[in-house]
Amino acid sequence: MIETRELVHAYDGARALDGVSLTVEDGEFLVLAGPNGSGKSTLIRHWNGLLEPDAGEVLVDSQEVSEDLVAARTRVGMVFQNPRDGFVAATVGADVAFGPENLGLERSEIDRRVAGALEAVNLDGRDEDGVGTLSGGEQERLAIAGALAMEPAHLVLDEPFTGLDEPAREAVLDHLETLSTAGTSVIVVTHDLRDVLGLADRLVVLAAGRVVRNGPPESVDLSGLGVRASC
Ligand SMILES: Nc1ncnc2c1ncn2[C@@H]1O[C@H](COP(=O)(O)OP(=O)(O)OP(=O)(O)O)[C@@H](O)[C@H]1O
């Protein structure tokens with residue numbers, strides 16, 4: 001479970017989060033939406049300790065994030081926008097294997113995870129391709145595969161579908177649904193709800209650093225919030 005209690009975050013005195021309280025249950029599929037600058041990226045960065053609260057608390061599986069950053073980062077997997085900077089190896093397979101290798105897993109387990117993660121993003125058979133040779137959308141898919149291979153308890157994806165073609169979107173969505181059903185919390189940050197709303201248990205909308213909507217997707221009124229629900 002991820003618990004955020006009365007979280008405040010300010011950049012140079014300006015509040016990007018202004019008292020956010022939000023709990024994400026294990027296995028929940030949550031969509032986090034809101035207009036540009038509403039605080040979505042700031043909020044998720046607190047969940048694995050990339051930012052420190054100015055006030056309030058963030059707990060992952062009942063432990064305060066700041067008390068054990070390694071634990072929080074192992075339990076909360078993140079896929080950020082513009083993944084280009086995040087790659088650590090020369091080839092696709094080596095890049096996805098890097099995280100599981102650092103967990104000290106057996107080779108057979110690493111190979112299983114790499115194969116599964118690459119299949120989930122339609123990059124199977126591309127292990128030997130150079131990371132630098134991938135298209136933008138393929139790089140996004142590689143970043144998702146890297147997070148999947150860590151098998152985190154909670155998986156957070158920031159605008160994961162932007163550069164993905166239709167088969168890749170469908171493959172990733174299928175995989176996220178399977179993960180959520182199996183008990184992984186899945187949090188998708190997006191302004192464009194078309195793909196994900198049908199899968200979501202809950203929709204949370206931020207505006208100006210506050211939670212302004214929070215409920216089952218079908219019950220949330222999006223009018224006037226700068227969020228698009230359908231094509
Ligand atoms: N590093 C930073 N320094 C200063 N201000 C920042 C920084 N990062 C974000 N902000 C400001 O904090 C507010 C919230 O930004 P944040 O990136 O969390 O919003 P967002 O909802 O993720 O936006 P988007 O949909 O555009 O990605 C914005 O006003 C933004 O300008």
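The values are calculated or read from the model by the stated rules, or taken from the named source; none is laboratory data. The model shown is predicted, which means the values in this text are computed figures rather than measured ones. We place every Cβ from the backbone using ideal geometry, glycine too, and count neighbours over all the protein chains shown. To get the accessible areas, we keep the full protein, side chains included, count just its heavy atoms, and leave off ligands, DNA and RNA. Shrake-Rupley method; radii C 1.70, N 1.55, O 1.52, S 1.80 Å.
Before I look further, what does the chain give for accessible area per residue, probe 1.4 Å, in whole square angstrom?
Result: 46 Å² of accessible area for each residue.
Provide the net charge surrounding PRO83, with neighbours chosen by a C-beta distance below 13 Å and charges set as Lys +1, Arg +1, Asp -1, Glu -1.
Residues near PRO83 contribute -4 overall.
Of the peptides 150-161, 96-107, 215-226, how do they stack up when ordered by the mean number of other Cβ atoms within 10 Å, highest first? Mind showing how you got there, number by number?
Working: 150-161: 22.1, 96-107: 16.4, 215-226: 12.8.
By packing density, highest mean first, the sequence is 150-161, 96-107, 215-226.
Got a number for carbon plus sulfur as a percent of the chain's accessible area, 1.4 Å probe?
Accessible surface attributable to carbon and sulfur in the chain totals 46 percent.
So for the chain, averaging the separation of alpha carbon pairs under 8 Å that are six or more residues apart and normalising by length, what relative contact order in percent results?
The normalised contact order for the chain reaches 29 percent.
Expressed in nm², what is the orientationally averaged projection area of the convex hull enclosing the Cα positions of the chain?
12.3 nm²
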